[in-house]
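The values are calculated or read from the model by the stated rules, or taken from the named source; none is laboratory data. Remember, it's a predicted structure, so these values are computed and weren't measured experimentally. Cβ sites come from the backbone with ideal geometry, for glycine too, and all protein chains shown count toward neighbours.
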């Protein structure tokens, strides 16, 4: 039995929309749905955004479901400068990292754990069959939004990871503890050079007032429009992949 997990409803909808009937499961504190694929149940879980929230949600979901495999889907920011909007990345390894408390800047980060994922080659093959651009690579998982191209460049130079997100490594840890194989495919929603998320990007060298000032000075309406344009393109590519894979 497959469990498909995504942070946001928009991401999860790319999978749910492929089934004619999806049933909401009554489970306290969980956004969980069920459908049938080839006479087998398939579950859909909205984990919420961020490592702590998503990990807690998956732990709760594994108490009420018994998946034989978990597939994590969703958007990601590109660290690799060669990745373009709409490109897919099948994740080989998920790496959790945090800022060094003694040296709070993006130049000084420490790894807090890494997990190897499964079925990377199968995901790549499915994407290629759908005529999509895809590569395999590592994913960094951050507790913060990363929208500043300079920060992305520093992390790419340090880790050579393809993408950054806010859930994969946390979800992989939970799955590993439960002995459930987990795979992940993400689609690029912002390129390494993109700046439209920069006002939301965490800057450890700036205080809260300074970060708030940046947000106020930014054209948030225009930022939202650019994000929607990018996420719409990413959603279409993810939907094409899932149509082939599922």
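Tally up the residues in the stretch 29-56 that are under 15 Å from the mean Cα position of the chain (by Cα) and either over 20 Å from residue 241 (Cα atoms) or modelled with pLDDT under 95 (or both), please.
Number satisfying all stated conditions: 9.
Return yes or no: is residue 23 free of Cβ contacts under 8 Å to residues at least 60 places away in the same chain and over 30 Å from residue 145 (Cβ atoms)?
Yes; evaluated as a whole, the condition is true for this residue.
Taking the residues in the stretch 33-86 that are free of Cβ contacts under 8 Å to residues at least 12 places away in the same chain and part of a helix (DSSP H, G or I) as candidates, determine which candidate is surrounded by the fewest Cβ atoms within 10 Å (Cβ to Cβ).
63
Kindly indicate whether residue 12 is under 17 Å from the mean Cα position of the chain (by Cα), farther than 26 Å from residue 233 by Cβ and modelled with pLDDT of 95 or more.
Answer is no for this residue.
Pull up the stretch 138-153, narrow it to residues that are out of contact with any helix residue (DSSP H, G or I) (no Cβ under 7 Å at 6 or more places or on another chain) and at pLDDT below 90, then point me to the one that is nearest to residue 74 (Cα to Cα).
Among those that are out of contact with any helix residue (DSSP H, G or I) (no Cβ under 7 Å at 6 or more places or on another chain) and at pLDDT below 90, it is 144.
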